[in-house]
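A.B. asks: There's a structure below that I have some questions on.
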Amino acid sequence: MLIGDVTYTTDAAFELVQLLRFRRCKLNLIPLNAADDIPLRSPTPSEIADFEEIVREASLQIYTRKPKGRDILAACGKLARSEAKFP
């Protein structure tokens, strides 16, 4: 999961390459879907592209997942609960 300024950094990309360079694998990048109640941010599209480029240059297969469910805060396995108000 790519989290702005946490797991998304160029150092993190190079570290990931070092960990996986001799392994046969496919990487799925999942950008964080930010919400008002968490103090983390999503990486920008250019940050994601920079991260992908570093990994691709190391000949690793990488795919960026397209976010779905952001409108209901359900994307990437993160569900938000809204309490129903009953009369």
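Values quoted throughout were computed directly from the atomic coordinates according to the rules given, and no laboratory measurement underlies them. A quick note: this is a predicted structure, and the numbers were derived from the prediction, not measured. Positions of Cβ are backbone-derived with ideal geometry, glycine not excepted, and every protein chain shown enters the neighbour counts.
A.B. asks: For the range 11-32, does any single residue satisfy the condition of being basic (Lys, Arg) and more than 20 Å from Gln61 (Cβ to Cβ)?
C.D. replies: Initial filter on the range 11-32 (basic (Lys, Arg)): 21, 23-24, 26.
Keeping just the survivors that are more than 20 Å from Gln61 (Cβ to Cβ) gives none.
No: zero hits.
A.B. asks: Sort out which residues of the range 49-67 are of a type in the set (Gly, Ala, Ser) and assigned to a helix (DSSP H, G or I), and write them in order of number.
C.D. replies: Of all residues in the range 49-67, those of a type in the set (Gly, Ala, Ser) come to 49, 58-59.
Hit for the range 49-67 is Ala49, nothing else.
A.B. asks: Next question. Examine the range 36-45 for a residue that is assigned to a loop (DSSP other than H, G, I, E, B), exposed (fewer than 12 other Cβ atoms within 10 Å of the Cβ) and among the charged types (D, E, K, R), and state whether such a residue exists.
C.D. replies: yes
A.B. asks: Which one is farthest from the chain's Cα centre (by Cα) among residues in the range 1-30 that are without any contact (Cβ under 8 Å) to a residue 40 or more places away in the chain and in a strand (DSSP E or B)?
C.D. replies: Pass one, the range 1-30, residues without any contact (Cβ under 8 Å) to a residue 40 or more places away in the chain: 5-7, 9, 11-12, 15-16, 18-19, 21-29.
If we keep only those that are in a strand (DSSP E or B) as well, we get 26-29.
Working: Lys26: 15, Leu27: 11, Asn28: 9, Leu29: 5 Å.
Among residues in the range 1-30 that are without any contact (Cβ under 8 Å) to a residue 40 or more places away in the chain and in a strand (DSSP E or B), the one farthest from the chain's Cα centre (by Cα) is Lys26.
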